[in-house]
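Worksheet: one structure, shown below.
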Amino acid sequence: MQKILFATSEAHPLIKTGGLADVASSLPRALLKRGHDVKILLPAYASVLAKAKSAGLKKVAELVINEQPIKLWQTRLPGSLVKVLLVDIPPFSEREGNPYCGPDGNDWSDNHWRFFIFAKIGEAIALNKAGLDWQPDIVHCNDWQTGLIPALLSPAEKRPAAVFTIHNLAYRGLFSYNIFTELNLPDYLWHHERLEFYGQLSFIKGGLAFADAITTVSQSYAQEIQTMEFGCGLDGLLRARSKDLTGVLNGIDTEEWNPGSDKLISHNYHRRTINQKVNNKTALQAQLGLPMDKSIPMLGFIGRLVEQKGVDLILNQMNELLALECQFVVLGSGFASYEQALKNIAEQHPDKVSVTIGYNEGFAHQIEASADLFLMPSLFEPCGLNQMYSLRYGTIPIVNAVGGLRDTVVEKELDEIGTEGNGFVFHLPTAEDLHATIKRALLCYQQPNLWKKLQQNGMSQDFSWEKSAERYEEIYAGVLNKVTQH
Ligand code: ADP
């Protein structure tokens, strides 16, 4: 049994903007089930405090760090026994909205301060100096918001082992040199092998340079980020640390994402009753005002409307896609220009395209259950969760061969689907390749026996957290060895 502090800026269902929240909820629960003593460390955003009240909230410490008074609350992850420690400072707890940016889409101007204080609390708990009488063996940090924790811990004599997981390397937590001095970080950290990144301060480098082990969320992404193309300028450092870098594919919450028992969809179904799936499609067509037609293929897209997700590929090919015999259902939010472009298309083609701007869990489940095909033309994708949800729901994914998409979706010739073929894959991120791949998929859709085979293959796959949690345990055991030998 190990004591694990899991530091994260999101955890579902308390706060979620993307896949990190899913991981930060599922992995601690899986680790708890395997007998570990896990505590999540999370900012006490206003919305989190409101949700946590119903689960019970108890103040466990009050500290002052850099003259900033901090309250530390304890609650539980709703629906589980995992303990959550909430770091309460006014810039977290007195602000509504997105954790990272304001309503104008720009980052909060004090993000450096908020996540610096968060890291200082992580350090204090890790060194058993927060008054909790609990010292973790492992501090598992996630993405740039927690990157300073391994850097702050590194000089300590008796410290826990630090593991750092990259969920998305594109977010490097970059700030000016002035902020480095404002935060009063020790001078030796200003070095290109430590926190300095081409004249700027990078929070994520704290994790990449100082963690005892680095993980990322798929094996392919672990390789890709060591190349110039995907390395975001950090590939050199990652190559230097390649011995300590492992890819562990995320699992998914197989209870929440189970078409057999999902309460958010209109008709439940499972592998043997896959023919019932179509009832979800007709229900969604009725709900969205699309022509009700069982046989027309429906393509779904859910995600952040940002460049990474390949929105340009879809928009650039829209005329050709609209000429195909199919319906498009889109759910997402992000860049205003993408949102507007998609809304315009839906207005012009109400019989073919439905676009919903916003974040809506229930609707995401409905789309997964209703669509025949799911589009994920991401330019890069560390792991990606939606393609796994799709596979589980018998919704065939169409993906660009990058990162976790490459590791989970397999395209075979139609006469060789066997037990492996489960989707459609393109290898050049161009609008033309996306178009050609959708056409290939639609041809297959006309052959119900082959289609069913793809569905059955996807629905038989095991995406549960058990396997991944076991890999993390091995990584924890490895770093513990390393740290105690020092
Ligand atoms: P990322 O973390 O890059 O956003 P992932 O595929 O790893 O991408 O995870 C995205 C998660 O967020 C998935 O669970 C997906 O269903 C969910 N999601 C994204 N956008 C929306 C939205 N607009 N409404 C509901 N769920 C969404």
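The values are calculated or read from the model by the stated rules, or taken from the named source; none is laboratory data. Since the structure is predicted, the reported quantities are computational estimates derived from the model, not experimental observations. All Cβ positions, glycine included, derive from the backbone under ideal geometry; neighbour counts span all protein chains shown. Heavy atoms of the whole protein, side chains included, go into the accessibility calculation; ligands, DNA and RNA do not. Shrake-Rupley method; radii C 1.70, N 1.55, O 1.52, S 1.80 Å.
So, in region 1-52, of the ones that are in a helix (DSSP H, G or I) and hydroxyl-bearing (Ser, Thr, Tyr), which residue ends up farthest from the ligand (Cβ to nearest atom)?
Checking each candidate, the answer is 47.
What tally of residues in region 248-287 results from selecting those that are at pLDDT 95 or above, within 14 Å of the ligand (Cβ to nearest atom) and open to solvent by 40 Å² or more (accessible area, probe 1.4 Å)?
Total meeting the criteria: 2.
Of the residues in region 53-83, how many are in a loop (DSSP other than H, G, I, E, B) and open to solvent by less than 30 Å² (accessible area, probe 1.4 Å)?
Residues in region 53-83 being in a loop (DSSP other than H, G, I, E, B) and open to solvent by less than 30 Å² (accessible area, probe 1.4 Å): 3 in total.
Please list, ordered by residue number, the helices (runs of 4 or more DSSP H) wholly in region 376-466 having 3 or more residues that are open to solvent by 40 Å² or more (accessible area, probe 1.4 Å) and more than 20 Å from residue 276 (Cα to Cα).
The helices (runs of 4 or more DSSP H) meeting that bar are 431-445.
Being within 27 Å of residue 456 (Cα to Cα), part of a loop (DSSP other than H, G, I, E, B) and either out of contact with any strand residue (DSSP E or B) (no Cβ under 7 Å at 6 or more places or on another chain) or away from the ligand (no atom under 16 Å from the Cβ) (or both): is that true of residue 291 here?
Here the answer is no, as residue 291 does not meet what is asked.
Tell me which residues, restricted to region 159-200, are among the aliphatic types (A, V, I, L, M), in contact (Cβ under 8 Å) with a residue 40 or more places away in the chain and more than 16 Å from the ligand (Cβ to nearest atom).
Of everything in region 159-200, those that are among the aliphatic types (A, V, I, L, M), in contact (Cβ under 8 Å) with a residue 40 or more places away in the chain and more than 16 Å from the ligand (Cβ to nearest atom) turn out to be 161, 162, 163, 179, 183, 195.
Filter region 349-371 down to the residues that are within 13 Å of residue 257 (Cβ to Cβ) and not polar (S, T, N, Q), then identify the one that is modelled with the lowest pLDDT.
So, considering only residues that are within 13 Å of residue 257 (Cβ to Cβ) and not polar (S, T, N, Q), the one modelled with the lowest pLDDT is 361.
Within region 308-325, is even one residue more than 25 Å from the chain's Cα centre (by Cα), in a helix (DSSP H, G or I) and free of Cβ contacts under 8 Å to residues at least 12 places away in the same chain?
yes
Out of (1) touching a strand residue (DSSP E or B) at 6+ places or on another chain (Cβ under 8 Å); (2) within 16 Å of the ligand (Cβ to nearest atom); (3) open to solvent by less than 20 Å² (accessible area, probe 1.4 Å); (4) not polar (S, T, N, Q), what's the single condition that is false for residue 321?
(2)
Tally up the residues in region 158-185 that are under 20 Å from the mean Cα position of the chain (by Cα), of a type outside the set (A, V, I, L, M, F, W, C) and assigned to a loop (DSSP other than H, G, I, E, B), please.
Residues meeting the conditions: 5.
Can you pull out the residues in region 112-131 that are open to solvent by 20 Å² or more (accessible area, probe 1.4 Å), touching a residue at least 60 places away in the same chain (Cβ under 8 Å) and more than 24 Å from the chain's Cα centre (by Cα)?
Scanning region 112-131 gives a single hit, 131.
Does at least one position in region 350-367 carry a residue that is away from the ligand (no atom under 15 Å from the Cβ), open to solvent by less than 40 Å² (accessible area, probe 1.4 Å) and either of a type in the set (Phe, Trp, Tyr) or closer than 22 Å to residue 296 by Cβ (or both)?
yes
Looking at 86, 31 in this structure, which one is within 20 Å of the chain's Cα centre (by Cα), farther than 24 Å from residue 304 by Cβ and crowded, with 21+ Cβ neighbours inside 10 Å?
The conditions single out 31.
List pairs: first residue in region 95-111 and in a loop (DSSP other than H, G, I, E, B) and modelled with pLDDT under 90, second residue loosely packed, with under 12 Cβ neighbours inside 10 Å and not basic (Lys, Arg) anywhere in the structure, Cβ distance under 7 angstrom, at least six positions apart or on different chains.
Sorted first by the residue in region 95-111, then by its partner, the pairs are 97/103.
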